[in-house]
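The following block contains the structure, expressed as structure tokens.
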Amino acid sequence: MAKNDLLLRVEDAHAFYGNIHALKGISLQVRRGSIVALLGANGSGKTTTLRAISGLLRPRRGDIWFEDKSLTRKSPEKIVALGISHVPEGRQIFGDLTVLENLRIGAFLRNDLRGIREDIGRVFTLFPRLRERSEKVAQTLSGGEQQMLSIGRALMARPTLLLLDEPSLGLAPILVEQIVDTLRTIRRAGTTILLVEQNSEIALSISDYAYVLETGRVALEGLSSTLLDNEQIKSSYLGLEQGTLD
């Protein structure tokens, strides 16, 4: 991999919640234009890794590089300004505000009003349902609509790298398919994606490369197609029965 293809590097990152050692030397790379998946059981460190990248949790050791800039001492706002947007687990939209107001908040670091209007239009093209609900208070949206809004709000910052934490969690299968199709569209438009996803089949089917985390460490990594086709790996690391996918 050429060095200029590397968008993100996490190097021997250690992170703690109080005295709990949550990340125990995580190292990973994300190539520009790719989708990379983080897999593993609950508590394996997937969400913590995203929080460390986006500045919500500062690593005590190691470093995180975005292009040629270290992120480990930057605030979340500065990290957004560099080109990283984080869609957290649980959506965390502003329930008392309208869909349109939520999208505008996603562009809080920008002052190009024309560009903001254009990007709102792009979000509505990606998620036509949000256009229909644009003046509705966000807390009245369905779970699937709220997930669309959370992704759309993150895109309003025009990120180079989109961090997605469990985008399919709690959604009906038809909505999961819509989210997956949208992620492919976002990737084709040039945005790189680092994806945490509890549905291993989905994650491996749309990603190029995957890391499997286990108790704060990388237990396994490889091309997603290779991991998806290996029955022993699926059974041992991904919690999938041979011949079936969750």
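The values are calculated or read from the model by the stated rules, or taken from the named source; none is laboratory data. Owing to the predicted nature of the structure, the values given are computational and were not obtained by experimental measurement. Because the Cβ atoms are built from the backbone with ideal geometry, glycine has one as well, and the counts that use them run over all protein chains shown.
Could you tell me which residue of the range 183-203 is nearest to GLY40 (Cα to Cα), considering only residues that are crowded, with 18+ Cβ neighbours inside 10 Å and among the hydroxyl-bearing types (Ser, Thr, Tyr)?
This residue is SER200.
Check off (1) touching a residue at least 12 places away in the same chain (Cβ under 8 Å); (2) closer than 25 Å to ALA41 by Cβ; (3) assigned to a helix (DSSP H, G or I) for LEU171 and give me the number that stays unchecked.
Just one mismatch for LEU171, condition (3).
Give me a count of the residues in the range 204-246 that are in contact with a Leu (Cβ under 9 Å, 6 or more places away or on another chain), modelled with pLDDT of 90 or more and within 15 Å of ASN42 (Cβ to Cβ).
5
Given the condition modelled with pLDDT of 95 or more and either touching a strand residue (DSSP E or B) at 6+ places or on another chain (Cβ under 6 Å) or part of a helix (DSSP H, G or I) (or both), answer yes or no: does some residue in the range 88-95 qualify?
Within the range 88-95, not a single residue is modelled with pLDDT of 95 or more and either touching a strand residue (DSSP E or B) at 6+ places or on another chain (Cβ under 6 Å) or part of a helix (DSSP H, G or I) (or both).
Take GLY170 and decide whether it is touching a Gly at 6+ places or on another chain (Cβ under 7 Å) and not assigned by TED's automatic domain parsing to the domain that holds ASN102.
Yes.
Here's a follow-up. So VAL137 clears everything in (1) more than 21 Å from GLU77 (Cα to Cα); (2) modelled with pLDDT under 95; (3) aliphatic (A, V, I, L, M) except one condition, right? Which one?
Evaluating VAL137 over (1) more than 21 Å from GLU77 (Cα to Cα); (2) modelled with pLDDT under 95; (3) aliphatic (A, V, I, L, M) leaves (2) as the failure.
Okay, next question. Given the conditions (1) in contact (Cβ under 8 Å) with a residue 40 or more places away in the chain; (2) closer than 21 Å to ARG51 by Cα, report the number of the one that GLN198 does not fulfil.
(1)
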